[in-house]
There are 2 protein chains.
Amino acid sequence: MARYNKGANAERELIHMLFKQGLAVLRVAGSGATSLPSPDVVAMKPGLQLAIECKAWNKAYLSISNAQMKELRKWSEMSGAELYIAWKIPRKGWRFLKPEQFNDSPKGFNISLKKALTHGIDLGVVIGEQSQIVQ
Amino acid sequence: MARYNKGANAERELIHMLFKQGLAVLRVAGSGATSLPSPDVVAMKPGLQLAIECKAWNKAYLSISNAQMKELRKWSEMSGAELYIAWKIPRKGWRFLKPEQFNDSPKGFNISLKKALTHGIDLGVVIGEQSQIVQ
């Protein structure tokens with residue numbers, strides 16, 4: 001219950017952030033009726049489509065199973081939407097991560113908190129309002 | 001209950017049709033968390049985004065309130081997705097209608113069954129697999 005609420009609150013926060021930036025946002029309903037598992041949130045504006053999987057983890061790493069990453073990538077490929085994993089990091093805020101930033105291990109995909117903090121981008125960069133500084 | 005089921009079954013059927021055509025499809029969750037009412041279904045493939053409001057009416061006309069049409073148009077404009085109203089017509093199948101095909105009356109937007117049958121397009125045309133015959 002606590003875990004569910006934390007996730008649901010984070011998702012709601014993300015939706016409001018996207019909406020405030022002028023994107024049309026939707027929360028995806030349970031995928032019972034659809035034939036392909038889909039991301040948590042889809043956000044769109046003309047010329048930009050985002051498929052976002054939303055995570056609120058208080059750990060030193062974030063992991064995603066091989067099966068889930070495969071499904072997210074498939075959905076992104078079919079839809080043409082850019083895929084991001086949005087990690088809400090306690091006391092640091094959101095970082096948007098691309099699948100290719102994760103380590104691909106036999107046990108699944110993972111990324112360390114440290115790497116996410118330094119390599120993840122923020123929403124402004126995702127939606128093209130800020131440019132990313134090349135380091 | 002019967003009315004709800006009819007609508008839910010029609011929506012499920014539409015989702016499967018879209019998925020079979022190779023589109024990534026999602027059913028939109030109740031809009032409690034989002035700041036803007038959104039369409040029932042969103043379907044995407046690279047270069048094409050569709051926002052679809054799904055209706056299963058067994059009547060001589062289909063009507064949509066001014067408020068709902070305004071919200072759907074706003075969502076479509078913000079998202080860049082093409083808006084269609086998909087009417088499942090008993091014994092005739094689906095017709096996809098553009099908002100501008102509806103009559104705009106003070107009481108709301110409406111279209112007759114006859115006009116929907118002759119002017120509505122089918123899914124193949126919507127997704128660009130068939131071209132529309134100009135009459």
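No lab work stands behind these numbers, since they all come straight from the coordinates. Just so it is clear, the model here is predicted, and its values are computed rather than measured. Quick reminder, even Gly has a Cβ in these numbers, built from the backbone with ideal geometry, and neighbours come from all protein chains shown.
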**Q.** Pairs of Cα atoms farther than 35 Å apart, the protein assembly as shown, %
**A.** 21
**Q.** Taking the C-alpha atoms of segment A:2-126, convex hull volume expressed per residue in Å³
**A.** 117
Q. Of A:K70/B:K45; A:K45/B:K55; A:K98/B:K74; A:K20/A:K114; A:K55/B:K74, which pairs sit farther than 21 Å apart, going by alpha carbon to alpha carbon?
A. A:K45/B:K55; A:K98/B:K74; A:K20/A:K114; A:K55/B:K74
Q.
Can you show me the helix-derived [θ] at 222 nm for the protein assembly as shown, built from DSSP H runs with n ≥ 4 at -39,500 (n - 2.57) apiece and divided by the number of residues, rounded to the nearest 500.
A. -10000 deg cm²/dmol
Q: Find the relative contact order for chain B and round it to a whole percent, using C-alpha pairs within less than 8 Å whose residues are 6+ positions apart.
A: 19
Q: Putting +1 on Lys and Arg Cβ atoms and -1 on Asp and Glu Cβ atoms, find which of A:V126, A:W57, A:V41 reaches farthest to the positive end of the dipole of chain A.
A: A:W57
Q. Out of A:K98, A:K88, A:K70, any idea which swings most in a Gaussian network model of chain A, alpha carbons joined below 10 Å?
A. A:K70
Q) Which far-off residues, 5 or more places away or on another chain, put their amide H under 5 Å from the one on B:S38, with H placed in the peptide plane? A) none
Q: Would you mind working out the magnitude of the charge dipole of chain B relative to its Cα centre, with +1 at each Lys and Arg C-beta and -1 at each Asp and Glu C-beta, to the nearest 20 Debye?
A: 520
Q) aspartates and glutamates within cross-link reach of B:K6: Cα-Cα under 18 Å, excluding same-chain residues under 8 positions apart? A) B:D40, B:E53
(Q) Show me, bin by bin at 5 Å from 0, the whole-percent P(r) of segment A:40-113 based on Cα pairs. (A) 3, 15, 27, 25, 17, 9, 3, 0
Q. Who wins for biggest fluctuation among B:R73, B:R95, B:R27 in a Gaussian network model of chain B, springs between alpha carbons below 10 Å?
A. B:R27
